[in-house]
Amino acid sequence: MDRETRIKVALQKSGRLTENSLNLLRRCGLNYSRGSDQLICFGENMPVDLLLVRDDDIPSLIAEGVCQFGIVGLNVFLEKAAGGPGLVEPRQLVDLDFGRCRLSVAVPRGFGYQDPAQLDGKRIATSYPRIIRDWLAARDIRAEIVTLSGAVEIAPRLGRADLICDLVSTGSTLAANDLEEAEVVLDSHAVLLGGEEPADPAAREWAERLMRRIEGVVRVQESKYIMLHAPRGALDAIRDLLPGTEAPTVMPLEGLDDKVAVHAVCRENVFWETLEGLKRAGASSVLVLPVEKMLA
Ligand code: PRP
Ligand code: ZN
């Protein structure tokens with residue numbers, strides 16, 4: 001496949017999403033080697049290349065058709081994509097289970113924050129002007145938004161703003177800058193954005209395959225394979241207790257007429273509480289195994 005027909009996936013160059021994003025692609029079966037400039041990873045066993053860029057640039061790379069897929073935080077997606085000027089809606093949007101963080105309003109220690117009304121007339125430094133503007137408008141608060149592309153957390157100390165709206169994950173950046181989280185504006189996590197379908201039929205097929213594999217990886221992370229023995233009479237009760245199961249396989253047990261073996265794929269995580277419930281319902285020899293791969 002020549003260069004034009006290869007699939008390109010845009011990932012964050014260095015940051016909270018990088019490692020998990022590369023991991024996700026590896027779990028889709030992609031082997032890659034990193035180019036000498038460190039900005040492109042060439043797929044060795046699939047016509048898929050990874051572009052390592054600033055996360056803020058990913059939505060436009062997809063909108064312009066340079067990349068067919070990208071992984072960003074929901075915060076970046078909402079700020080730069082969804083209905084943004086000159087940007088198209090992604091064709092596909094898949095929630096990924098990493099990169100959890102919050103977009104929050106944070107105030108200098110001693111601000112005495114109690115209510116959003118206190119933000120009225122204040123200057124708020126942020127890299128997320130659209131999101132905070134909507135949030136303020138919904139609360140009828142008039143504040144000045146100071147848009148900065150980085151180092152937002154030092155803006156109050158420099159006198160450029162009274163408070164900030166920025167991403168918080170561990171909270172250590174806020175603590176290091178004498179800031180306190182006041183309001184959560186958005187709970188964020190990583191999302192996969194899918195752009196326009198490639199025109200080339202072979203590339204289109206690979207794009208679809210990659211999409212299906214990513215969905216499979218996401219589904220598999222939550223899924224468990226469960227095996228147990230159950231008295232025939234308790235089968236209905238046990239079936240009801242298995243989380244996210246369609247049709248469990250029921251098999252006879254050699255030499256035991258009143259008991260059966262039940263195997264099922266649970267599409268949700270199986271917690272200790274579920275196992276205890278199964279035991280109470282009469283199940284024994286309960287085993288829970290991780291699912292390695294899944295293709296719907
Ligand atoms: C965010 C934010 C803070 C830091 C907060 O930046 O701007 O600097 O993370 O994390 P903490 O609560 O764990 O200290 P990010 O890494 O997303 O970089 P970017 O916004 O420049 O892409
Ligand atoms: Zn960024």
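The values are calculated or read from the model by the stated rules, or taken from the named source; none is laboratory data. This one's a predicted model, so the numbers in the text were calculated from it and none came from an experiment. Cβ placement follows ideal geometry from the backbone for every residue including glycine, while neighbour counts extend to all protein chains displayed. All accessible areas refer to the heavy atoms of the entire protein, side chains included, with ligands and DNA or RNA removed. Shrake-Rupley method; radii C 1.70, N 1.55, O 1.52, S 1.80 Å.
V107 - would you say it is within 9 Å of ligand 1 (Cβ to nearest atom), hydrophobic (A, V, I, L, M, F, W, C) and touching a residue at least 60 places away in the same chain (Cβ under 8 Å)? Can you show your working first?
Working: within 9 Å of ligand 1 (Cβ to nearest atom): no; hydrophobic (A, V, I, L, M, F, W, C): yes; touching a residue at least 60 places away in the same chain (Cβ under 8 Å): yes.
Criteria not met by V107.
When you go through E144, E64 one by one, which is the residue that is open to solvent by 50 Å² or more (accessible area, probe 1.4 Å) and over 24 Å from N177 (Cβ atoms)? Explain how you work it out, then say what you get.
Working: E144 fails: over 24 Å from N177 (Cβ atoms).
Sole residue among the options that is open to solvent by 50 Å² or more (accessible area, probe 1.4 Å) and over 24 Å from N177 (Cβ atoms): E64.
For region 164-184: of the residues being within 16 Å of ligand 2 (Cβ to nearest atom) and not in a loop (DSSP other than H, G, I, E, B), which is surrounded by the fewest Cβ atoms within 10 Å (Cβ to Cβ)?
Restricting to residues being within 16 Å of ligand 2 (Cβ to nearest atom) and not in a loop (DSSP other than H, G, I, E, B), the top hit is T173.
In region 9-20, which residues are touching a Phe, Trp or Tyr at 6+ places or on another chain (Cβ under 8 Å) and either of a type outside the set (A, V, I, L, M, F, W, C) or within 16 Å of ligand 2 (Cβ to nearest atom) (or both)?
A10, L17, N20
Working only within region 128-153, note down all residues that are within 21 Å of G112 (Cα to Cα) and within 16 Å of ligand 2 (Cβ to nearest atom).
Here is the first cut: in region 128-153, the ones within 21 Å of G112 (Cα to Cα) are 132, 135-136, 139-145, 152-153.
Selection gives I132, V152, E153.
All but one of (1) surrounded by 16 or more Cβ atoms within 10 Å (Cβ to Cβ); (2) part of a strand (DSSP E or B); (3) among the acidic types (D, E) hold for D187, so report the exception by its number.
D187 satisfies every listed condition except (1).
Could you run through region 1-39 and say how many residues are farther than 15 Å from Q68 by Cβ, open to solvent by 30 Å² or more (accessible area, probe 1.4 Å) and part of a strand (DSSP E or B)?
Of the residues in that region, 3 qualify.
Residues being closer than 16 Å to D56 by Cα and either open to solvent by 20 Å² or more (accessible area, probe 1.4 Å) or at pLDDT 90 or above (or both): count how many of those fall in region 69-97. Show your work before the answer.
Start the filter on region 69-97 by keeping residues that are closer than 16 Å to D56 by Cα, which leaves 69-90.
Those left that are additionally either open to solvent by 20 Å² or more (accessible area, probe 1.4 Å) or at pLDDT 90 or above (or both): 69-80, 82-83, 85-90.
Residues that pass the stated criteria total 20.
Could you check how many residues of region 127-173 are β-branched (V, I, T), in contact (Cβ under 8 Å) with a residue 40 or more places away in the chain and touching a helix residue (DSSP H, G or I) at 6+ places or on another chain (Cβ under 7 Å)? Quick ask: steps written out before the conclusion?
Here is the first cut: in region 127-173, the ones β-branched (V, I, T) are 131-132, 141, 145-147, 152, 154, 164, 168, 170, 173.
Checking the rest, the ones that are also in contact (Cβ under 8 Å) with a residue 40 or more places away in the chain come to 131-132, 164, 168.
Filter again for touching a helix residue (DSSP H, G or I) at 6+ places or on another chain (Cβ under 7 Å), leaving 131, 164, 168.
Matching residues across region 127-173 total 3.
Hey, can you tell me all the residues within region 153-163 that are within 16 Å of ligand 1 (Cβ to nearest atom) and in a loop (DSSP other than H, G, I, E, B)?
Restricting attention to region 153-163, the residues satisfying the condition of being within 16 Å of ligand 1 (Cβ to nearest atom) are 153-158, 160-161, 163.
Passing the criteria: A155, P156, R157, L158, R160, A161.
So which residues in region 69-83 are within 18 Å of the chain's Cα centre (by Cα) and more than 19 Å from N20 (Cα to Cα), if there are any at all? Lay out the reasoning, then the answer.
Applying the first criterion (within 18 Å of the chain's Cα centre (by Cα)) to region 69-83 yields 69-82.
Within region 69-83, L78, E79, K80, A81, A82 qualify.
Do we find that G35 is within 16 Å of ligand 1 (Cβ to nearest atom) and farther than 20 Å from T147 by Cβ in this structure? If you could, list the steps in order and put the result at the bottom.
Values: within 16 Å of ligand 1 (Cβ to nearest atom): no; farther than 20 Å from T147 by Cβ: yes.
Here the answer is no, as G35 does not meet what is asked.
Tally up the residues in region 213-230 that are in contact with a Lys or Arg (Cβ under 6 Å, 6 or more places away or on another chain) and at pLDDT 95 or above, please. Walk me through it before giving the result.
Just the residues of region 213-230 that are in contact with a Lys or Arg (Cβ under 6 Å, 6 or more places away or on another chain), to begin with: 217, 223, 229.
Retained after the next criterion (residues that are at pLDDT 95 or above): 229.
Residues meeting the conditions: 1.
Could you tell me which residue of region 44-85 is nearest to R209 (Cα to Cα), considering only residues that are within 14 Å of ligand 2 (Cβ to nearest atom) and in contact with an Asp or Glu (Cβ under 6 Å, 6 or more places away or on another chain)?
V72
For every residue, the table says whether it meets (1) within 12 Å of I226 (Cβ to Cβ); (2) of a type in the set (A, V, I, L, M); (3) open to solvent by 30 Å² or more (accessible area, probe 1.4 Å).
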residue: L242; (1), (2), (3): yes, yes, no
residue: P248; (1), (2), (3): yes, no, no
residue: G255; (1), (2), (3): no, no, yes
residue: A261; (1), (2), (3): yes, yes, no
residue: A264; (1), (2), (3): yes, yes, no
residue: P290; (1), (2), (3): yes, no, yes
